[in-house]
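Data first, discussion second: the structure below is written as structure tokens.
Laboratory data are not the source of any read-out in this text; all were calculated from the coordinates shown. Note that the structure is predicted; figures quoted are calculated from it, not measured. Here Cβ is always computed from backbone atoms with ideal geometry, including for glycine, and neighbour counts include all displayed protein chains.
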Amino acid sequence: MYEINLSNKEIVLNSQFTDNLPDADPSKTVIQNILFVENKQNGRFDPVIARYYPADEYSVSKFEEISYNKIGAGWSGTVDIWTYDERYFVGFIIEDGQLIATKHPEGYQPDARKRKSTLQGENLDSTCRHVVSIYTVVTIVTAGNGSEISYHDETEVHMVCSGGTLYNDLDTNGTPIPRYNYDPYGGGWGGVSGEINYTPPSIPAPKIEIILSHQFKTNPYLRCLFDKLRENSYFESIASKFEGVSPDVHLILDLASFDPQFNGKAQWQGYGNPIIITMNSANLNNRSALEVARTMIHEMFHAEFYRAVKTNMPSSGDILFRDTFDQYVKTYMGTADQHHNLMADRYLDVMADILVDIHKKLDYEAFADAMKNVYPNGIPKSFYKSLAWEGLKDTMAYQLMEKITVQPPLKSPLQKMKEAQEFARYGLKTCN
């Protein structure tokens, strides 16, 4: 499955988009792409049209920022799929980065026996309702020094379904779409001639980069920190820090209680499945926002290590990273965790840079003012690098660092690290 941008004089708007963003310029907010999907009925790739309708200003994206295989964290809106002769195919309703419902042509009959198991273990039946949508075809014709704009409305009735079949059918077998007469020469918006009987390809649900569990999403502290991390695409930014590895974020963020000696954990679920990052609820409210953000970043590095090393279809960048990682496996096998040794040797500065940036979105001004006797010129990068050492105590780099001695009144790297980690505990324990 791949897609290219569709440059067209016609822009098709749905009524949900015009209700949500009535003053938006559709040429700058709605993305229309040609999506090529493998059709197993005939062994070829069939073109369909994918339209991305943002539900709010935050979700407005550029072509290179969103695709069917990369729906960003927190994106809200509708992804509508049409056959290339403009017959409605299937749609996906996404709220805040979560797939909540599917849209189908009128007459779609879901399997009521299907149920969905969620992350929390509930079983949900499929429920469907009729929804009337008005689609407006905006045609822009440029001539001379001006443009002529015309509008044409079409009314469609869709079945909007949530629950069981949302995942059971879509994730495994693709979208169940009935056969219908289809114009091989294009057209649409009315009757056509020369129709043939055609079965469109099955369309899987869009790939959402980061999924939030119910526990994570409903925790205001974590949700606020996540929102701040996603503002500057920090998750994608971390992925891009790896030598030659193309960013490919696919995560589930969860919250659970486990051994308090751990602040978080990252779990590999096998090829093709999202990596789960779980934050420890036992160590949440007793730590500052900056410390909790550090844990998220630390676990994100674990997730990226897993992704680059364990993918079954490595890119050239993944292979370069594997070569580096293999050296750590050989060097540190039987001693400390290979992930942590690699973090300590190569990524402390990267983690520190991200912490510098995210602190500005938290309580930097108040914290810097409280620490001005210690850091009269502002909080130095060494402070954030000291925080990045947390969780890396068993690494070779840490053991070398803690042996470094200096003459008083200078402070050793170990003293600076312990001091910084102690100061960080006095930071704001809320996020807003």
*Give me the net charge of residue 378's neighbourhood, meaning all other residues with Cβ under 12 Å from the Cβ of residue 378; Lys, Arg count +1, Asp, Glu -1.*
+1
*Other-chain or far-sequence residues with amide H under 5 Å of residue 99's (modelled H)*: none
*Can you sort 230, 294 so the residue with the fewest Cβ neighbours within 10 Å comes first?*
230, 294
*Can you work out ³J(HN,Hα) from phi for every residue in the range 211-219, in order, using Karplus 6.51 cos²θ - 1.76 cosθ + 1.60 and θ = phi - 60°, giving whole Hz and x for Gly and Pro?*
10, 9, 5, 4, 5, 5, 5, 8, 8
*asked:* Please arrange 128, 224 by how many other C-beta atoms lie within 10 Å of their C-beta, fewest to most.
replied: 224, 128
*Could you run the Karplus curve 6.51 cos²θ - 1.76 cosθ + 1.60 with θ = phi - 60° over the range 282-290 and give me ³J(HN,Hα) per residue in whole Hz, x for Gly and Pro?*
5, 10, 9, 7, 9, 10, 6, 4, 5
*From phi via Karplus (6.51, -1.76, 1.60), per-residue ³J(HN,Hα) for the range 221-226 in Hz, x at Gly/Pro*: 5, 5, 4, 5, 5, 4
_Show me the ranking of peptides 260-266, 14-20 by mean Cβ neighbours inside 10 Å, starting with the highest._
14-20, 260-266
*Once you have a ≥ b ≥ c as the square roots of the Cα gyration tensor eigenvalues for the range 351-432, tell me rounded if a/c is under 1.5, and otherwise prolate or oblate according to whether a/b is larger than b/c.*
oblate
